[in-house]
1. Determine the relative contact order of segment 21-195: mean sequence separation of Cα pairs under 8 Å and six or more apart, normalised by residue count, in whole percent.
2. Among 166, 37, 177, which one shows the highest mean-square fluctuation when the chain is modelled as a Gaussian network with alpha-carbon springs under 10 Å?
3. Quick check on segment 21-195: of the DSSP beta bridges with both residues there, what percent are antiparallel, nearest 5%?
4. Using only DSSP helix segments of four residues or longer, with each worth -39500 (n - 2.57), what per-residue ellipticity at 222 nm results for the chain after dividing by its residue count and rounding to 500?
5. Arranged by the count of other C-beta atoms within 10 angstrom, fewest first, what order do 43, 205 take?
6. Measuring from label point to label point, each 7 Å out along Cα→Cβ, what is the residue 118 to residue 58 span in nm?
7. With 10 angstrom as the radius, rank 210, 134 by how many other C-beta atoms surround their C-beta, starting from the fewest.
8. Could you work out which residue, out of 88, 48, 29, moves most in a Gaussian network model of the chain, that is, has the largest mean-square fluctuation with Cα springs under 10 Å?
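Here, each number is a calculation from the coordinates, and none is a lab measurement. The model shown is predicted, which means the values in this text are computed figures rather than measured ones. Cβ coordinates were reconstructed from backbone atoms using ideal geometry, including for glycine residues, and neighbour counts include every protein chain displayed.
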Amino acid sequence: MIATAQPDAGTRAHAEPEPVDAGTPAKLFVLRVIHFVTNYVVSQLPSFGLRRIWYRHAVGATIAPDAGIHLGCYVWSYTSRQVKRTGFRIGARSRINRGCCLDARGRLDIGQDVSISREVTILTASHAVNARDFRVELRPVVIEDNVWIGTRAVVLPGVTVGRGSVVAAGSVVTRDVPALSMVAGVPARTVGMRDPAAAEYLLDSPFPLFE
Ligand SMILES: CC(C)(COP(=O)(O)OP(=O)(O)OC[C@H]1O[C@@H](n2cnc3c(N)ncnc32)[C@H](O)[C@@H]1OP(=O)(O)O)[C@@H](O)C(=O)NCCC(=O)NCCS
């Protein structure tokens, strides 16, 4: 379980520079092969169990045994100049639906009973647009327990989506989302609040076949 962050609307995590530990060409080659197999082979295997084993052991993710990543997701787990993988965690019973993009280059921490709908994009890397080297910057993203993110929303680097909150379909989340709030639009703004009692469910339905 992730501890609930204090609501802190309007803020986001500070950027950290991309680590430069490129390693040997052989190491980088192996990483690129793992990245390719993860996103173009394993992501298409029709088994939650097989995919989970791969994400844990080859990608280095910490995924609860009853959490699931559906078919066709794209997992970004390293940057071009970084060999060491950063944190990627998914808590108990959380579901990542089909076709999502999960960027774990700058640490991605997803709590428990989180529902992420189809084709959501969560990003943890960006470029320093006013730096002459166009360098990569990383910011962690935290999705707290019992959050629901609607279809095709985009969560930008550095954001914490607070416990029990809802992100409406198609929204672009640029700043922290307070716990139990409902945000919508581009950029996402608070449009309502969620009943605290309605945000305490367990997502324990069985995994659907071939999903
Ligand atoms: C967030 C959501 C649940 C809100 O539903 P709701 O509680 O019925 O809220 P309302 O429709 O009354 O909307 C409240 C306000 O937010 C706005 N709003 C709702 N969804 C929005 C969206 N996706 N983008 C922009 N604004 C949105 C509404 O226009 C309304 O604004 P108004 O009061 O100025 O008219 C719903 O809009 C949504 O996005 N659901 C996601 C569906 C989805 O992804 N399904 C896939 C998995 S099953």
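1. RCO, segment 21-195: 13 percent.
2. Largest GNM mean-square fluctuation: 37.
3. Details: 7 of 38 bridges.
Of all bridge pairs located within segment 21-195, approximately 20 percent are antiparallel.
4. Only helices count here, giving -4000 deg cm²/dmol.
5. Lowest to highest Cβ neighbour count: 205, 43.
6. It works out to 2.6 nm between the two label points.
7. 210, 134
8. For the chain, modelled as a Gaussian network with Cα springs under 10 Å, the answer is 29.
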